[in-house]
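Down below is the structure, laid out as structure tokens.
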């Protein structure tokens, strides 16, 4: 047990030796922080779509962030199904782990380069105007790799706001009609750019 405790401190604390003005060496731990936050994205999934996301993570030595992130998305304006003429929507979500190296994080405005790796699902949902019920025509899962770049502003000591651009690389999705098996959307519909804004709260 003692061995694992020492290993944990070496890996996460990474102590360094520094000398003070008297020349005496002292052990110092690197700075650690933590945060939570949420944001909004604008993206394309065949139609204009809105995305919501939530993040939480730790910040190592003010330059490297790692944590978990969850995202949800849905089309803003309904699609019209070509067979039923009912309103239809694409909606889904994905989540996973992310890392984000940051340059000059102590300055008022700085750059960050987040990369997310995770898994999600997407559904094609019909809205029947006759009885007001929703029906999922088909759904599928996908893997996602999403790099991005953000400009982050230190609003206050415990609050940051970021604006960024991102690109999703996703595995192919297969959404098809129950009758006949015809594809509803293209298999690479989720590979697209998005822009967003995010608020973060914590110890930076």
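Considering only segment 78-102, state which residues are assigned to a loop (DSSP other than H, G, I, E, B) and out of contact with any strand residue (DSSP E or B) (no Cβ under 6 Å at 6 or more places or on another chain).
Answer for segment 78-102, where residues must be assigned to a loop (DSSP other than H, G, I, E, B) and out of contact with any strand residue (DSSP E or B) (no Cβ under 6 Å at 6 or more places or on another chain): 82, 83, 84, 85.
Of everything in segment 103-117 that's at pLDDT 95 or above and outside any strand (DSSP E or B), which residue is nearest to residue 51 (Cα to Cα)?
114
Please verify whether segment 84-92 includes one or more residues that are under 20 Å from residue 117 (Cα atoms) and either more than 16 Å from the chain's Cα centre (by Cα) or touching a residue at least 24 places away in the same chain (Cβ under 8 Å) (or both).
Yes, segment 84-92 contains at least one residue that is under 20 Å from residue 117 (Cα atoms) and either more than 16 Å from the chain's Cα centre (by Cα) or touching a residue at least 24 places away in the same chain (Cβ under 8 Å) (or both).
Could you identify the single residue in 155, 151 that is in a strand (DSSP E or B), over 18 Å from residue 34 (Cα atoms) and assigned by TED's automatic domain parsing to the domain that holds residue 188?
Details: 155 fails: over 18 Å from residue 34 (Cα atoms).
Only one candidate qualifies: 151.
Go over the candidates 120, 180 one by one and state the one that is at pLDDT below 95 and either within 23 Å of residue 89 (Cα to Cα) or in a loop (DSSP other than H, G, I, E, B) (or both).
Exactly one of 120, 180 is at pLDDT below 95 and either within 23 Å of residue 89 (Cα to Cα) or in a loop (DSSP other than H, G, I, E, B) (or both), namely 180.
For segment 1-75, please list each of the strands (runs of 3 or more DSSP E) lying entirely inside it that holds at least 2 residues being surrounded by fewer than 16 Cβ atoms within 10 Å (Cβ to Cβ) and at pLDDT 85 or above.
Correct list: 32-44, 48-60, 64-75.
If residue 136 satisfies all but one of (1) modelled with pLDDT under 95; (2) part of a strand (DSSP E or B); (3) surrounded by 13 or more Cβ atoms within 10 Å (Cβ to Cβ), what's the number of the condition it fails?
Unmet for residue 136, out of (1) modelled with pLDDT under 95; (2) part of a strand (DSSP E or B); (3) surrounded by 13 or more Cβ atoms within 10 Å (Cβ to Cβ): (3).
The values are calculated or read from the model by the stated rules, or taken from the named source; none is laboratory data. The model shown is predicted, which means the values in this text are computed figures rather than measured ones. FYI the Cβ positions are ideal-geometry reconstructions off the backbone, even for glycines, and counts take in every protein chain you see.
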